[in-house]
1. Mind listing which trypsin sites (Lys or Arg not before Pro) in the range 401-441 are in a DSSP loop and have 11 or fewer other Cβ atoms within 10 Å?
2. With θ taken as phi - 60° and the coefficients 6.51, -1.76 and 1.60, list the Karplus ³J(HN,Hα) couplings across the range 194-208 in order, rounded to whole Hz; mark glycine and proline as x.
3. Per the helix-only calculation at 222 nm, which mean residue ellipticity applies to the chain, given -39500 (n - 2.57) for every DSSP H run of n ≥ 4 and division by its residues, nearest 500 deg cm²/dmol?
4. Compute, for the chain, the length of the dipole vector about the Cα centre, with Cβ point charges of +1 (Lys, Arg) and -1 (Asp, Glu) only. Units Debye, rounded to 20.
5. Put a dot 7 Å past each Cα toward the Cβ at Ser299 and Leu270; how far apart are the dots in nm?
6. Check Lys405: other-chain or 5+ apart residues with amide H under 5 Å from its amide H, H built from backbone geometry?
7. What ³J(HN,Hα) values, in whole Hz, does the Karplus curve 6.51 cos²θ - 1.76 cosθ + 1.60 give for the range 80-91 when θ = phi - 60°, with x put for Gly and Pro?
8. What net charge is computed for the residues neighbouring Ile131, neighbours being all others with C-beta under 10 Å from the C-beta of Ile131, Lys and Arg scored +1, Asp and Glu -1?
Amino acid sequence: MELEHKGLTGKVIWPFDPGYEQARQEYNRAIDAYPIAIVYCYNNQDVANAIRWSEKHQVRVRIRSGGHNYDGYSTGTGKLVIDTTLTNQIEVDTINDVVKVQAGTRLRKLYEVLYEHGYAFPGGTCPTVAISGLVLGGGIGLSTRYLGLTLDSLLEAEMVDAKGKILVANQRCHPDLFWALRGAGGGNYGVVTSFTFQLKKKVDNITLIQLQWNNNRPARLKFLSVWQEWLEDLDRRMGAFGRVYKQGALLLGFFYGKPAEARKILEPILSIPGITSEDIEYVDFIEAVNTIADIYPKSEKFTDTGRFVYKHLSKNELSNIIEILDHAPSDYNSLIKVYSLGGAVSDVPKSETAFYYRKANYILDISSSWEENHEAAINKAWVAEGFKYIKQLTFGSYVNFPYSKLKDYEMAYFGQYVKVLQNIKSKYDPCNIFSFPQSIKPL
C-alpha cells in the first residue's frame with residue numbers, strides 16, 4: 001500500500017528502510033508483526049501528528065513505549081506504531097521530592113538517576129521495561145510491599161488524546177481520566193507522554209536476598225506451602241518474587257533493613273531443606289536493583305500470564321501445581337512464579353484507583369520460554385493447559401501480564417470497574433482510535 005509521508009514527523013521507519021527489521025521487534029521475539037510504519041516521537045507534537053495522519057489515511061494505531069507487552073499489543077501488522085522510546089528525559093525536583101519522567105524512559109536509567117539523588121523508587125525489575133507500560137497497568141516490583149505500586153506514587157500524567165490535543169490529568173484536572181490511567185491506562189485513552197511522581201523514600205543500602213534450591217524437586221511443594229504461610233504476617237519492608245521449576249525453586253527479595261533482621265524474617269523460607277545457594281547481603285540500593293536486572297535476557301521468546309491469589313491454597317491444590325510443572329516442556333524455562341503483594345498495596349482504598357485487586361495476597365503466574373520457533377507450540381500448549389487449572393484457584397488477571405486466551409478479558413483485568421472504564425473510554429476516545437485486541441471498549 002502506497003501512502004504519502006506528509007504529515008508524519010519524528011523519526012519515521014518504513015518497511016523499505018534499513019532499520020525496519022530491528023525496529024519492528026518486540027522484547028518478546030515470539031511476536032512477529034509487520035507495522036505499516038514506526039514513528040519514533042521526539043515530543044507531543046510528533047505524537048499528535050501521527051494520530052492525525054493515521055486518521056487521515058485510515059490506518060489503526062498502536063502505542064509502544066518499551067515493547068514489553070507480553071502478547072504484542074503495542075504493535076501489529078498493517079498498523080502505525082507510535083513509539084515513545086526517544087522521549088526519555090528525567091527531571092528531579094529535590095525540593096519537593098518529585099520527579100517528571102517521559103514515557104520512553106527505561107527503568108534502569110530511572111533507578112540510576114533517582115539513586116544519584118538518594119531516592120528509591122517502586123518500579124519493576126526488568127531494566128528495559130519503560131515507565132509508561134509499567135505504571136499504567138499497576139507496577140509491581142521488589143519494593144512494592146513497602147513503597148506501594150508504581151501507580152500509587154503518580155501525581156500527574158500528560159496525554160495526547162484522539163484529536164491530538166494535550167491533556168493534563170491529575171486529582172483536579174480530568175480526575176476521571178487520572179483515576180482510569182492508574183491501573184487501566186495502557187493504550188486505552190491516548191498516548192501518555194510523561195508522568196510526575198511523588199518520591200517517597202531516601203535510601204542508601206538495603207538487604208538483597210537470593211536463595212536457590214536447584215536440583216531439588218522436593219523443595220518445590222515445600223516452597224509454595226511455606227510461601228503462602230510466610231506472606232500472611234510478613235513485615236512490609238520485605239518484598240519477594242519466587243519461581244518453581246522442574247528442577248527446583250528460587251527466591252529473590254529486597255528488605256529495607258539489615259541482613260540480621262532479614263534472616264530472622266526469612267527463617268521459614270531458609271528452613272526449606274536442601275538450599276544450594278544462599279546470598280543475603282547489605283548492598284547499595286542501586287547494586288541490588290542492577291543485580292536483579294542483570295538476570296533478565298535482552299530478549300526472549302515466551303508466553304506468560306498471571307492471576308491474583310486471595311485464598312489459602314490446599315496441599316492438594318499445591319500438589320496439582322507441582323504436577324503441572326512435572327509435565328513442563330523445559331527443565332528450567334517453564335515456570336510457576338509468585339509475586340508478593342499486601343503491605344502498602346492493600347493500604348490504598350480500593351476505589352481510589354482503577355487497580356481492582358488491592359486485597360490479593362500475591363500473583364500466581366505461569367510462563368514458558370523457548371529458543372527455536374518449532375518449540376513454540378508445545379510451550380504455549382503447556383501454559384494454556386496449566387492456566388486452565390490456575391484460573392480455578394484465582395480471581396482476576398493482572399493486565400500487565402496479558403493473555404490472549406482470556407474470554408472475558410475486561411472483567412478479568414478490571415473487575416467491577418468495567419462499566420465505569422467504558423464510560424471514561426467513551427468520553428475521551430469515543431471513536432475508539434486507540435484499540436487493540438484486549439482494549440477497553442467504549443459504550
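1. Values: sites: Lys405, Lys407, Lys419, Lys425, Lys427; in loops: Lys405, Lys407.
Those that pass, being in a loop and sparsely packed, are Lys407.
2. So the J values, rounded to whole Hz, are 7, 9, 10, 10, 7, 8, 9, 9, 6, 8, 10, 9, 9, 8, 9.
3. Details: 15 runs with 134 residues, N = 443.
Taking each H run of at least 4 residues, the total per residue is -8500 deg cm²/dmol.
4. Numbers: 50 positive and 49 negative charges, 230 e Å.
For this selection, approximately 1100 debye.
5. 4.2 nm
6. Correct list: empty.
7. Each residue's phi maps through the Karplus curve to give 9, 8, 9, 10, 9, 3, 7, 9, 9, 7, 10, 10 Hz.
8. On the way: positive: Arg106, Lys109; negative: none.
Neighbour charge sum, excluding Ile131 itself: +2.
Computed from the coordinates by the stated procedures, all read-outs in this text should not be read as laboratory data. Bear in mind that the values here come from a model prediction, so they are computed numbers and not experimental data. Reconstructed Cβ throughout: ideal geometry from the backbone, glycine too, with neighbour counts over all protein chains shown.
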